[in-house]
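The structure appears below as C-alpha cells.
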Amino acid sequence: MAEIKQVLMPDIGDSKDVPVIEVMVKAGDTVKAEQSLLTLETDKATMDVPAPFDGVVKNVSVKVGDKISEGALILSMETSATETSAVVTPPTTPAPVKEAAATPVTAPVATPIVAPPTGFQSSPTGKAHASPSIRHFARELGVDLTRVKGSGEKGRITKNDVQGFVKAALVQPQSGTGGGLQVSAMPVVDFSRYGVIETKPLSRIKKLSGANLHRNWVSIPHITQHDEADITEMEVFRKELGEEYSKQGIKITPLAFLLKAVVTAMQQYPDFNSSLDASGENLVLKKYFHIGVAVDTPDGLMVPVLRDVDQKGIVQLAKELGEISAKAREKKLPATAMQGGCFTISSLGGIGGTAFTPIINAPEVAILGVSKASIKPIFKEGEFVPRLMLPLSLSYDHRVIDGAEAVRFTSYLGKVLSDVRRLVL
Ligand code: CAO
C-alpha cells in the first residue's frame, strides 16, 4: 500500500547548520534507493544524502542555500514499499562522518526516515557518477562533471579523470586571438510546442559571416565610443555636388565624405590602421588605406573594400561606392574584392537609428558605425541653433586602442566632418 514517508537529515557528526549546495530532485521525480537527493558542504567535506528507499518525491522542503541540522525535514516521498529502515552507506568523504542512524518512525500518514549521508552516488538520471570529494575537486576547478567520462568502476569519475579533462581543455588549440572558450550549449527548443512555425535555412553568406562575427565578438574585447559630428555645412556642399554629378549617374551620399574623413583620422592616429600580429605582441602598422564598407544585400551582409582611399577624391569614391554596392547586391563581387581592408564603415544612416555597436572585422582593430543624421538644437555662442548632427559609433579593440585615443579619434573625425575643407589638408 502506498505510504508517505518523511526523509530527515541524518546525523553527520559535529556539524550543524550545514549549507545545502545542490538539490538533485524535485516534486514528482521517481527516485531509486541510494540515488542522491542533495549535497551538503561542511567546512571539512561535501557529502551527498541519498534516498533511503525507492519512491516518488512528493514535496521537497529544502533549497540551495538553506542551512540544515540533524533531524531537519528534507522531503517527503511516497513509497509502495513496506520497508521501514533506511540503507546506511558508509561515507567515503575525507571528513570523519559518523554513520547515520536509520531511525524509521512509523506514523499513520507520514513516516520520517533519516537518510544516511553517503560517499559517492550512482545516479540513474544520467547525472555524473562521482564521490563528493571528486565533486568538490571538480567544483573548485569549475569542471562540469556531466562532461567528464568516468574510468572507474561502473563509470565512476576519478580524480585522474577530472585532471585529464582539465589538461585536455588547456591544450585545446587556441586561435591566437582567442578560442578555447567554454560556453554552455544553447538550449534546444521545440518552438512548435508554442505555436505555428516555419523553418528557413540561413543563406550561404549568413552562415559564413555568422561564424566570423561570432569569433570576432567573443575573441576581441570590444568597446564602442559614441559621438556626434555636426555635418550641417557638409550637407550643403554634398547637395551641391549631388546636383552636379547626378547627371553623370553618380550619387553622392554622406558615406563618400565619411570614407575620406576616416582616412584623415587614421593618418592622424595610425594605431587605427593596424593589426595585431600572430603572436599578439606586435602591431603591424599599414601604410596603405583600404576601407571596407558593409553592404546590406538580400542574402546577407557583404564587406567589399575600396582601395587607396587616401589617393581618391570624394566624387571618385562616390562612384566606386555605387559600383561595389551594386555588384555586391548582384552577387558579382569576386572574393578578392573583400580582402585587404584596414578599417570598416558600417552605415545604417540611410535607414535610421541613433547608435549601435558594430562588430570589429578582424584582423582590423576598429569599425565605424554611422546612424541617421538629424537636426538637433545645439547651443552655440549663447543660443540654441538647429544643426544637422550625425551619430557615430566607433567600436575598437581595447587591446590595441585605449579609450582616450578612441575619443580623440571620433573628436577629430567630427572636426573634419564639420569643416570638410580639412579633408584636403
Ligand atoms: N544620415 C541621413 N541620411 C543618410 C545617411 C545618414 N547617415 N546616410 C545616407 N543617407 C541618405 C542618403 O543620402 C540617401 O538619401 P537620398 O536617397 O535622399 O539621396 C539615402 O539615405 C540612402 O542612401 P544609401 O543607403 O543608398 O547610400 P549610402 O551611401 O549611405 O550607403 C550602402 C550605401 C551600400 C552602405 C548602404 O546602401 C547599405 O547597404 N547600408 C547598410 C549597411 C549595413 O547593413 N550595415 C550593418 C552592418 S551590421 O549588421
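The values are calculated or read from the model by the stated rules, or taken from the named source; none is laboratory data. Remember, it's a predicted structure, so these values are computed and weren't measured experimentally. Because the Cβ atoms are built from the backbone with ideal geometry, glycine has one as well, and the counts that use them run over all protein chains shown. The area values use the complete protein model at the heavy-atom level, side chains included, leaving out ligands, DNA and RNA. Shrake-Rupley method; radii C 1.70, N 1.55, O 1.52, S 1.80 Å.
General observations
- Subset of the stretch 330-353 that is of a type in the set (A, V, I, L, M) and closer than 26 Å to ILE375 by Cα - its residue that is most open to solvent (accessible area, probe 1.4 Å): ILE351
- The stretch 306-329, subset more than 13 Å from the ligand (Cβ to nearest atom) and at negative phi, residue surrounded by the most Cβ atoms within 10 Å (Cβ to Cβ): VAL309
- Unmet criterion (only one of (1) open to solvent by less than 40 Å² (accessible area, probe 1.4 Å); (2) of a type in the set (D, E, K, R); (3) at pLDDT below 95) for LYS286: (3)
- Flag if LYS98 is of a type in the set (D, E, K, R) and modelled with pLDDT under 75: yes
- Strands (runs of 3 or more DSSP E) fully within the stretch 360-425 counting 2 or more residues that are over 19 Å from HIS222 (Cα atoms): 374-380, 383-397
- Of the strands (runs of 3 or more DSSP E) entirely within the stretch 203-286, those holding at least 1 residues that are within 14 Å of the ligand (Cβ to nearest atom) occupy 222-230.
- Here ILE359 does not fit the description of being open to solvent by 40 Å² or more (accessible area, probe 1.4 Å) and farther than 30 Å from GLY280 by Cβ.
- The test for being among the small types (Gly, Ala, Ser), open to solvent by less than 40 Å² (accessible area, probe 1.4 Å) and at pLDDT 90 or above holds for SER76.
- Condition met for THR199 (within 11 Å of the ligand (Cβ to nearest atom) and over 19 Å from PRO391 (Cα atoms)): no
- Subset of the stretch 316-335 [over 26 Å from ALA265 (Cα atoms) and either free of Cβ contacts under 8 Å to residues at least 24 places away in the same chain or β-branched (Val, Ile, Thr) (or both)]: ALA326, LYS327, GLU330, LYS332, PRO334, ALA335
- Residue check for ASP299: away from the ligand (no atom under 11 Å from the Cβ) and at pLDDT below 95: yes
- Selection from the stretch 34-60 of residues that are among the hydrophobic types (A, V, I, L, M, F, W, C) and either within 40 Å of the chain's Cα centre (by Cα) or under 16 Å from ALA128 (Cβ atoms) (or both): LEU37, LEU38, LEU40, ALA45, MET47, VAL49, ALA51, VAL56, VAL57, VAL60
- Pairs where the first residue, in the stretch 377-388, is under 15 Å from GLU235 (Cβ atoms) and in the same structural domain as THR232 (by TED's automatic domain parsing) and the second is open to solvent by 60 Å² or more (accessible area, probe 1.4 Å) and not β-branched (Val, Ile, Thr), C-beta under 7 Å, 6+ apart: ILE378/PHE384; PRO386/PRO377; ARG387/LYS376
- Given (1) open to solvent by 20 Å² or more (accessible area, probe 1.4 Å); (2) at pLDDT 75 or above; (3) not basic (Lys, Arg), number of the condition GLY178 does not satisfy: (2)
- A Cβ distance below 6 Å, combined with a sequence gap of six or more or placement on separate chains, defines the contacts here; from the stretch 244-261, residues that are more than 16 Å from VAL420 (Cβ to Cβ) reach residues that are within 11 Å of the ligand (Cβ to nearest atom) and assigned to a helix (DSSP H, G or I) in the pairs ILE250/ALA318; LYS251/GLY322.
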